[in-house]
């Protein structure tokens, strides 16, 4: 539990002050005691309560004051966010290497089908957005609960040069910020966050088959996500086996990219036969997940990719956020104070005079 106004806890000091005043009043009462000739008259005048019963109202009153003081400090608790209220950004790699046929029929088609199945399985659940990246990154579909719009957008994916993983993560952060006011966009100040403060009700899933070759470094983007309490789940897709490059709606025809026999960069590239030899930058993908509190998944075929995506909702269910609980403490404190006063008035009501 944390407090928005911790200095307000100083109001608890009023409790020992009240106890000191009560002790002083009792001490004076003993000094002002009077003598009576009949013990029976004294017993008749005293309320018919035991010693412990007389202490109940003061105890309730003190407990109520403590709860009111805690409520004044605006306590906050970390609670689980229902899955339907979460936001998921899928960042899909559409670089040229996604045309490799080491995954049947090719990586892009397999990734598109797995993403579509995942989106369909979340119908009626969290909002989902799509970001695609090659040499640059762009928001394809803002976070929405329109499953059909998302699946239709997947059908039009095309490939391009380069791999901008870091830029894709920044684009995902901005897309989340558009629908979640608690997440500052890139360029805005953000305070450090993490598991101890609770994660935001949003997450990013990055699916890539290579390494960052352009734009901002993925490690830098991961730090930006961590500052906003956004978890990033990374998936490394594909094998290291050279394979022909075949994609629909692309410039690949099996001879290379755009007529160039060889093109590469980063960790690997393509040979002169248009075959993919790019390797996945697993250390960077693992570091992204570690920095943000997410997890890394390796998928070498379509089934493993589907399993990786299907396992993610279980992680999204444990997303936590901070909730102000001041009202509960204030209400409980007020109830105890009122109960204490009521019991005190009831038990000390005038008794029927003795005739």
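The values are calculated or read from the model by the stated rules, or taken from the named source; none is laboratory data. Keep in mind that this is a model prediction, so the values were computed, not measured. We place every Cβ from the backbone using ideal geometry, glycine too, and count neighbours over all the protein chains shown.
Observations on the model:
- A single member of 341, 305 is at pLDDT 90 or above and either part of a helix (DSSP H, G or I) or touching a strand residue (DSSP E or B) at 6+ places or on another chain (Cβ under 8 Å) (or both), and it is 305.
Residue-wise test of (1) touching a helix residue (DSSP H, G or I) at 6+ places or on another chain (Cβ under 7 Å); (2) in a loop (DSSP other than H, G, I, E, B).
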{"site": "115", "(1), (2)": "yes, no"}
{"site": "119", "(1), (2)": "yes, no"}
{"site": "129", "(1), (2)": "yes, no"}
{"site": "135", "(1), (2)": "no, yes"}
{"site": "138", "(1), (2)": "yes, no"}
{"site": "153", "(1), (2)": "no, no"}
{"site": "157", "(1), (2)": "yes, yes"}
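- If you filter the range 158-177 down to residues that are more than 28 Å from the chain's Cα centre (by Cα) and over 21 Å from residue 143 (Cα atoms), you find that the one that is surrounded by the most Cβ atoms within 10 Å (Cβ to Cβ) is 159.
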